[in-house]
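Derivation of every value follows stated rules applied to the coordinates shown; laboratory data play no part. Because the structure is predicted, anything quoted here is derived from the model rather than measured. Please note: Cβ atoms are built from the backbone with ideal geometry, for glycine as well, and neighbour counts cover all protein chains shown.
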Amino acid sequence: MTKDFDLVVIDGGPAGISGANTAAIFGKRVALVEKLGKVGGAGINTGTIPSKTLRETALALSGWRSRKLFGVDLSLRREATVEDFMRHKEHVVAHDRKRREEQLRTYKIETFHGAASFIDPNTVRIAPDTLLRGAKILIATGSSPVRPPEFPFEHPRVHDSDEILEIGILPKTLAVVGAGVIGAEYACTFAALGVEVHLVDGRDSLLSFLDREISENIQRAMTAAGVHFIWKEKVVRCDAPANGKNNAHAHLRRDHRSGRRARRCRTPEQYGRPESHRGGSHAG
């Protein structure tokens, strides 16, 4: 079966949905292809909205913004689980996804779920018997977390920036590899919840695309919040025990120009809450 459209959009993330909606508003017949079972992409399902909601929920639950109010300590004192502060995230994500799905229905955009592959420059296959032909094809497949080979991501204590949103237990210690936008955001979020956070990066400054004064002020604020910075270090190996019960260890090597030898970064497990090691990110 072959269906003809003015525009076929591959991937239902924010860019793909916006492109599809715009074309439909101008009277074009549009098909949207999403590989996964839910539209929204990283922006709605695993990235922007979930991480921002998690951050705000963490700040609210930890009383971070109120800790200095009249000298009252409102820090998180109980054994919280990730589920405690993920509940609101799930509500926000579901609400925004529903809004996007309603837009697609309003503009009469046909949605197909499955992996798209090109048959020719104007035709994509969704299933063995489903072909979509478009006068124009918009590829908006977005991004996914980097997974360096040094990290055993199959281990329950090693996570990328998507998986960290799904962990079941709030860790006592967390090593974040990569001091870009995503890494810095998660470092701040977990530090606000009282997690001991170590932020590792091969560069020598935080968010180098910012003005130095701004970057330094953010770093000072993060340090005051309890984030420990490890600069000019590269992770050359990550050891994670097969039993999944002991700490994961990141072996670091400083830039060869410094003359420093490799060392091991270890953050101890305490109070029965395991360490998580986050590797990879959407950006930075």
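Taken along its three principal axes, the alpha carbon spread of segment 110-213 comes to 53, 37, 28 Å, from the longest extent down to the shortest. Taking 0.36 nm per residue of separation and subtracting the Cα-Cα distance, full extension of the segment from Lys136 to Glu102 would add 9.9 nm. Compactness of segment 163-257, taken as the C-alpha radius of gyration over 2.2 N^0.38 Å, stands at 1.13.
Between Arg220 and Ile169, what length comes free when the chain is fully extended (0.36 nm per residue of separation minus the Cα-Cα distance, one decimal in nm)?
15.5 nm
Qualifying GluC sites (Glu not before Pro) in segment 79-170, where qualification requires a DSSP coil assignment and no more than 13 other C-beta atoms within 10 Å, comprise Glu79, Glu154.
Set the Förster radius R0 to 35 Å, insert the Cβ-Cβ distance between Lys234 and Glu213 as r into 1/(1 + (r/R0)^6), and round the FRET efficiency to 0.05. Please report the intermediate quantities before stating the final value.
On the way: r = 27 Å, r/R0 = 0.77.
Given R0 = 35 Å and the Cβ-Cβ separation, E is 0.80.
For Lys232, go through the lysines and keep the ones whose alpha-carbon is under 17 Å away, minus same-chain ones fewer than eight residues off. Once the sequence-local lysines are set aside, nothing remains near Lys232. Under 11 Å from a point placed 7 Å out from the Cα of Lys35 along the Cα-to-Cβ direction: which residues of segment 141-159 have their backbone N that close? Of the residues in segment 141-159, 141-145 have backbone N under 11 Å from the label point off Lys35. Under 20 Å from a label point 7 Å along Cα→Cβ of Lys3: give me every residue in segment 126-143 with its amide N that close. From segment 126-143, the list is 126-141.
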